[in-house]
Amino acid sequence: MSKAKTKPTPGQCMVKGLKDVADVLDAGGMAEVEKRFTVRSMKIPKPAITASEVAEVRGSLGISQGVFADLLGVSASAVRAWERGANPLSGMAERFLDAIRSDPEYWRKKVKKAAA
């Protein structure tokens, strides 16, 4: 019986990538690194934010839909529509909400400072 091959973790992929860069640096210096490794070859996965997660992110900041809308640079009706699942979020909004979700304390401080 063979073991199922598991997908490497993001951390394992990063370590492998750094080792690859180090090997290329050792072999040909920075010029070779610039030829082999470009930003064009990197794909950044888009976070998927559901309607309930929009409300959870806003709730984690403890702010109203109107204040949340101001923070995001959108209308309060857009936030309401996202939270009801009536409208999809743009890719930019999904990335911003993902950033807020990853460090809500930072964003709570930003909102509090802006309100002062």
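The values are calculated or read from the model by the stated rules, or taken from the named source; none is laboratory data. None of these values were measured; they are calculated from a predicted model. In this analysis, Cβ positions are derived from the backbone assuming ideal geometry, glycine residues included, and neighbour counts consider all displayed protein chains. Remember, those area values only see protein heavy atoms, side chains included, never the ligands or the DNA or RNA. Shrake-Rupley method; radii C 1.70, N 1.55, O 1.52, S 1.80 Å.
Descriptive notes on the structure:
- Region 59-84 - residue that is free of Cβ contacts under 8 Å to residues at least 24 places away in the same chain and within 19 Å of the chain's Cα centre (by Cα) and, of those, surrounded by the most Cβ atoms within 10 Å (Cβ to Cβ): 68
- Contacts under 7 angstrom Cβ, first residue in region 43-54 being assigned to a loop (DSSP other than H, G, I, E, B), partner hydrophobic (A, V, I, L, M, F, W, C), 6 or more apart: 49/89; 49/97
- In region 1-27, the residues that are at pLDDT 85 or above form Cβ pairs under 8 Å with partners that are open to solvent by 100 Å² or more (accessible area, probe 1.4 Å), at six or more places apart or across chains, as follows: 8/16.
- Unmet requirement for residue 104, which otherwise passes all of (1) exposed (fewer than 12 other Cβ atoms within 10 Å of the Cβ); (2) touching a Ser or Thr at 6+ places or on another chain (Cβ under 7 Å): (1)
- Condition met for residue 48 (open to solvent by 50 Å² or more (accessible area, probe 1.4 Å) and closer than 28 Å to residue 18 by Cα): yes
- Members of region 85-101 found to be in a helix (DSSP H, G or I) and open to solvent by less than 80 Å² (accessible area, probe 1.4 Å), listed by number: 91, 93, 94, 96, 97, 98, 99, 100
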